[in-house]
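Data block below; observations after.
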Amino acid sequence: MKKIIPLLFIIIAQLCPVKGQDVPKIVGLATPESVYKAMDLEYIPVEGFSLDDNFVSWEPYTSHGPSTIIHTEHNNFFCLIDIFYSVKRYDVFLKEERNIYYFNHIRDNLIDIAGKYNENKREDFTQKDLKRNVKFLSRREARKKFNADMAITYKLPVIENINYIIEQKGKEYTHCDVLMIHKNDLGPIFLYCFYTDEGYKHRKQYYNKLEKAIGFKQ
């Protein structure tokens with residue numbers, strides 16, 4: 001009986017949101033529009049960018065689930081937008097642990113994709129390890145650019161899993177910059193920016209456009 005009571009508490013906590021807060025509702029099949037709405041995320045059309053209407057699943061980068069893609073005309077840059085919308089749940093359990101999601105995902109990126117640590121490090125990964133490998137934007141900058149409470153950038157290598165994207169676009173992608181944005185209980189949203197060598201020369205221009213295109217609603 002003693003074991004059953006804590007289990008029931010966890011189940012109830014996961015099913016019942018805290019009073020006054022909403023759980024995102026996605027009716028029918030998830031679409032970019034329905035997921036963006038549930039996450040209070042906004043895409044604003046920017047010249048030279050086009051948002052794909054379909055989801056793609058591209059592990060190990062997008063391990064949260066299907067993602068949308070921002071394309072460019074010359075295919076020297078594209079951006080995978082990985083949205084972990086289920087984090088917008090205000091139950092007791094996740095309210096205490098919500099920040100662990102972005103932490104674990106960046107950790108897994110650094111281990112599984114970048115190969116900076118071996119598998120044994122997964123359980124011992126600390127905030128110091130995180131800060132050693134990423135750049136935190138100031139809270140003021142995160143709010144100004146993305147209406148977010150937190151923004152983190154870091155780099156990853158381009159791995160062989162993107163061969164089918166390369167074949168589709170007829171380009172060789174050689175650089176990957178990652179941006180993570182988080183707003184209170186919304187997020188994390190990961191934006192994986194891939195560049196060809198030519199595109200990387202203009203990365204600041206693409207990044208400035210991305211700032212205008214993606215952000216949480218005011």
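Listed cross-link partners Lys135/Lys171; Lys116/Lys204; Lys128/Lys155; Lys145/Lys217 are compared with a 23 Å cut-off, the Cα-Cα value being larger for Lys135/Lys171; Lys116/Lys204. For Phe84, nonlocal amide neighbours, meaning residues 5 or more places apart or on other chains whose placed amide H falls under 5 Å from its own, are Phe190.
Annotation: Lys155 carries an accessible surface of approximately 120 Å², with a 1.4 Å probe and no ligand, DNA or RNA atoms counted. Close amide-amide hydrogen proximity is noted between Asn75 and no other residue 5 or more places distant or on a separate chain, at a cut-off under 5 Å (H modeled in the peptide plane; Pro and chain starts excluded). Residue by residue, the stretch 138-152 carries 3J(HN,Hα) couplings of 5, 4, 5, 5, 4, 5, 5, 7, 10, 6, 10, 8, 8, 9, 10 Hz when phi is fed to the Karplus relation 6.51 cos²θ - 1.76 cosθ + 1.60 (θ = phi - 60°); x denotes Gly or Pro. With all protein chains in place and ligands, DNA and RNA left out, the 1.4 Å accessible area ranks Asp129, Asp177 as Asp177, Asp129, largest first. Taking every protein chain into account, the 1.4 Å probe leaves Tyr101 with about 60 Å² of accessible area, to the nearest ten. Taking amide H atoms as placed 1.01 Å from N in the peptide plane, the amide H of Thr174 lies under 5 Å from those of Tyr195, Thr196, Asp197, each 5 or more residues away in sequence or on another chain.
Within the assembled protein chains, the solvent-accessible surface assigned to Glu160 is about 150 Å², based on a 1.4 Å probe.
The values are calculated or read from the model by the stated rules, or taken from the named source; none is laboratory data. None of these values were measured; they are calculated from a predicted model. Note: areas computed on protein heavy atoms with side chains; ligands, DNA, RNA excluded. Shrake-Rupley method; radii C 1.70, N 1.55, O 1.52, S 1.80 Å.
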